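Worksheet: the structure to be examined is printed underneath.
The values are calculated or read from the model by the stated rules, or taken from the named source; none is laboratory data. Since the structure is predicted, the reported quantities are computational estimates derived from the model, not experimental observations. Glycine also receives a Cβ, built like all others from the backbone with ideal geometry; neighbour counts cover every protein chain displayed. Ligands, DNA and RNA are excluded from the accessible area calculation, which covers all protein heavy atoms including side chains. Shrake-Rupley method; radii C 1.70, N 1.55, O 1.52, S 1.80 Å.
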4 protein chains.
Amino acid sequence: MGFDLKRRLAAEALGTAILVATVVGAGIMADRLSDDAAVSLLGNTIPTGAILVVLITIFGPISGAHFNPAVTMVFAARREIEPPAAALYVLAQIAGGIAGTLIAHAMFALPVLQLSESVRTGTGQWIAEAVATFGLVLTILAGLRFRADTIPWLVGLYITAAYWFTASTSFANPAVAIARAFSNTFSGIRPTDVPGFIIAEVSGALVATAVVGWMFADRGTSTSPITVRGAE
Amino acid sequence: MGFDLKRRLAAEALGTAILVATVVGAGIMADRLSDDAAVSLLGNTIPTGAILVVLITIFGPISGAHFNPAVTMVFAARREIEPPAAALYVLAQIAGGIAGTLIAHAMFALPVLQLSESVRTGTGQWIAEAVATFGLVLTILAGLRFRADTIPWLVGLYITAAYWFTASTSFANPAVAIARAFSNTFSGIRPTDVPGFIIAEVSGALVATAVVGWMFADRGTSTSPITVRGAE
Amino acid sequence: MGFDLKRRLAAEALGTAILVATVVGAGIMADRLSDDAAVSLLGNTIPTGAILVVLITIFGPISGAHFNPAVTMVFAARREIEPPAAALYVLAQIAGGIAGTLIAHAMFALPVLQLSESVRTGTGQWIAEAVATFGLVLTILAGLRFRADTIPWLVGLYITAAYWFTASTSFANPAVAIARAFSNTFSGIRPTDVPGFIIAEVSGALVATAVVGWMFADRGTSTSPITVRGAE
Amino acid sequence: MGFDLKRRLAAEALGTAILVATVVGAGIMADRLSDDAAVSLLGNTIPTGAILVVLITIFGPISGAHFNPAVTMVFAARREIEPPAAALYVLAQIAGGIAGTLIAHAMFALPVLQLSESVRTGTGQWIAEAVATFGLVLTILAGLRFRADTIPWLVGLYITAAYWFTASTSFANPAVAIARAFSNTFSGIRPTDVPGFIIAEVSGALVATAVVGWMFADRGTSTSPITVRGAE
């Protein structure tokens, strides 16, 4: 890494703050403007997918652009980040995420401090979060393996899809789940429901790490006609 | 290919599962949230297009990312995959697709096993499926010929368009059609209507293969100003 | 050109057919599914932008992917296509466009032959078509000058925007205008209103050609930090 | 720069005119067609994001494609543009922006000269504009540092997100704010509210410049796995 830990942590915190401000802020905007819940979800999905492409591109070269404790955990398990730095990353992500929620509230002239009352629990929701995070980690690790330059797009597009195909609208991120507990708006989650989400997310991430470990272990280099930029 | 057959089949099964989980899951989500059928279709289109870019990018280097028996058939006809492997690809795609339907049901807390009652039949629908698959195979073969690195985007964008311009919302994929027969939700198709769809899809694929065989057979290399990455 | 004229004309006809089938077909689908005209326009815009990226990528290396008599006229004026070939291009585009309309009708089980009754006339509409085509030609010529590899995206995105910011929903294409006269559906135009559109489109194209001729005539090569791929 | 000042100013004026014509024109179109304000905002967001990718790609090599006095001010502060040229850039942007509003009105057959009566004021709105412009400048400077070739996409996607996550729908541009004061339509802003927006925008831009100055100042070159195209 060309950047020192202080700057890497700042990038993780600022990036997670902007990500959460987008999720929460767009949720408030979309919910205010429409009576059709699918239109509101579109108004939440498109901004979130778009900002992920931006944030991963601009912070990736500094910190790796995790913005997500489940992702940092996976890289720690793969020994691609040292455990003390990983722990600090997670703290920066959580602090940044909460700050993002507060900024969104300030912009929309709402009480800055809130706690969500949105119930998000049950087996379906937990399966959904495990599937969502499984897919996210699969996307990141496979992307890094084959086309590292496209990671920002892959993650933005994956989350765009996962908002709709998972019953939980794909939080897929423990720091974002914690931050969303502080907003009693469209995108909120009741604090008591957060632990269930985090357990499901971590489970999905671990399964994805194992699947990728097996599936992508080949002897040589891929000779597929699809150009493998990351390996050039 | 740098990857063994076992991993290639796993990639086909997992990729088709995620694709179908997206089609079926986003269909359920969109249908639940909106009373406007066009909004629901947007909520189905955008996730499907997005996930195709992701899946083709991450599984392309392993298995070629067919996820579609009509596509595998085309590559077999062009002798780019050996017939026994092609047969196993098709089985993996069908099994993966059905698994994707079941996972979507589990996430949305619906009965896991269902059979669709959605009528999708008639000349218009069959013409639509033939046109849809014609366009898909044309896109893939022309993309491979001129800009192989853009295939994931081309397929994602093509399907985004075809959801709307074909009267059938463009299944264009026998494995996906079979999998969707197992879901009595927004994206389902009555089992008795599946054979008509498959015949139309295979017909469209064959015509596209013939057209491409003629149209792209030139003597030398293209000197068009549009850069031809795949040929570099 | 590495491709003979016969194949280039086939590419122009087939590409224009698919483009028009998308415009007309998506218009029918969107109009049937929604009571909200803006949702219908979104359901028309997104497929059209998406298919343009695909069609220009896959047919560009064969014919240049004009699909538009105004564009062919501009290239003839710049002596980048010989006049007899240009005339045949225009005929192929018109024939292909009409075929696209008929295919869309067949897919949606509508009478194949129709004439539009949609009134699209007046100064505002003509200014809009002139502006729309001005912008399209500017985009194409500037794109070719600086970033030829991005032309498919630039055109797809430009038309996505122009559907909304021009009062006419941006036909910007005489062949498409003629083809749309044959459809009494969402995207149709009354035959008597077509000449006004064509005159406005050609005017806008000529102004753009002049503006580009002046603006992009510099002495040396751009040294802007934005990488100029087309010039590499 | 390979282009003389006259052409650079023309590019700034024309680009800002097309940008504002898109914002105002798409606003009129979307507002006319829908009763759902979130659908209208989607119909404003998607065209604006799309046209930004186009305009920055085609004018970037000529003038740098600022289209925004706050951006020009940042480059002047970084001594990347000489002050007299910067002043002329700002004048060209303002003149072009106002022309864009008038063209939009002409296309939609509205009175060409208007003044907005839309109230856009208050602390929430000002925080939103500061945040919006902070993010825009961060995106541009970080993009230039790491992936200059992706700037058109980053800006288009950033604005796509910012339309929704900021309470002000992200003007983030003093020239656009002035131009929108001349339209009493969906996207207008009361003239008396413009100064508050401009102050907030300039503040956000200055903070972003400072943050970037610190965060991106590393000793060597990034060795992140994400390819840094701009530095190749």
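Note that segment B:158-175 has calculated 3J(HN,Hα) couplings of 4, 5, 3, 6, 5, 3, 9, 8, 9, 5, 8, 6, 6, 5, 6, 6, x, 5 Hz, one per residue in order, obtained from phi through the Karplus relation 6.51 cos²θ - 1.76 cosθ + 1.60 (θ = phi - 60°); glycine and proline are x. In the full protein context, segment D:5-211 carries 28 Å² of accessible surface per residue, based on a 1.4 Å probe and ignoring ligands, DNA and RNA.
Summary value for chain B: 27 percent relative contact order, contacts being C-alpha pairs under 8 angstrom separated by 6+ residues. Solvent-accessible area lost on pairing B with A (1.4 Å probe, both sides summed) amounts to about 3600 Å². For chain A, the 222 nm mean residue ellipticity estimated from helices alone, with every DSSP H stretch of n ≥ 4 adding -39500 (n - 2.57) and the total spread over all residues, rounds to -23500 deg cm²/dmol.
Going from the isolated chain to the complete set of protein chains, segment B:56-71 loses at least 30 Å² of heavy-atom accessible area (1.4 Å probe) at B:THR57, B:ILE58, B:PRO61, B:ILE62. Remark: chain C projects, on average over all directions, an area of 12.9 nm² (convex hull of Cα atoms). In nanometers and ordered shortest first, the copy-to-copy spacing of the D:PRO111 label point, defined 7 Å from Cα toward Cβ, is 4.5, 4.5, 6.3. Applying the Karplus relation 6.51 cos²θ - 1.76 cosθ + 1.60 with θ = phi - 60° to segment C:32-40 yields 3J(HN,Hα) values of 5, 7, 10, 9, 9, 5, 6, 5, 4 Hz, where x marks Gly and Pro. For C:ILE199 and C:ARG32, the difference between the fully extended length at 0.36 nm per residue and the C-alpha to C-alpha distance is 56.9 nm. Along segment A:77-87 the Karplus relation, 6.51 cos²θ - 1.76 cosθ + 1.60 evaluated at θ = phi - 60°, assigns HN-Hα couplings of 4, 8, 6, 9, 9, 6, x, x, 5, 4, 4 Hz to successive residues, with x for each Gly and Pro. From the alpha carbon centroid of segment A:22-73 to that of segment C:19-70 is 28 Å.
Taking the accessible area of chain B, probe 1.4 Å, and keeping the other protein chains in place, the carbon and sulfur fraction comes to 65%. Summary for C:SER203: label point 7 Å along Cα→Cβ; distances to the equivalent points in the other copies, ascending, 4.7, 4.7, 6.7 nm.
Could you give the angle, 0 to 90 degrees to the nearest 10, between helix A:194-215's Cα long axis and the longest principal axis of the Cα atoms of chain A? So the inclination is approximately 20 degrees.
How large is the translational diffusion coefficient of segment B:1-50 in µm² per second when you combine the Kirkwood radius over alpha carbon pairs with Stokes-Einstein at 37 °C and 0.692 mPa s? It comes out at roughly 270 µm²/s. Here the dipole of chain D is about 380 debye; that uses its Cα centre as origin and unit charges on the Cβ of Lys and Arg (positive) and Asp and Glu (negative). The residues of segment C:1-34 occluded by other protein chains by 50 Å² or more of accessible area, set against the chain on its own, are C:GLY2, C:PHE3, C:ARG7, C:LEU14, C:MET29, C:LEU33; surface from heavy atoms, 1.4 Å probe.
The protein assembly as shown gives an Rg/Rh value of 0.94, both radii derived from C-alpha positions and Rh following Kirkwood.
Ascending distances from the A:GLU80 label point to its copies in the other chains, with the point 7 Å along the Cα-to-beta-carbon line: 2.9, 2.9, 4.2 nm. Given R0 = 41 Å, the distance between the Cβ atoms of B:LEU88 and A:ARG190 translates into a calculated FRET efficiency of 0.30. Calculated FRET efficiency, A:ARG79 to A:LYS6, Cβ-Cβ distance, R0 = 22 Å: about 0.45 to the nearest 0.05.
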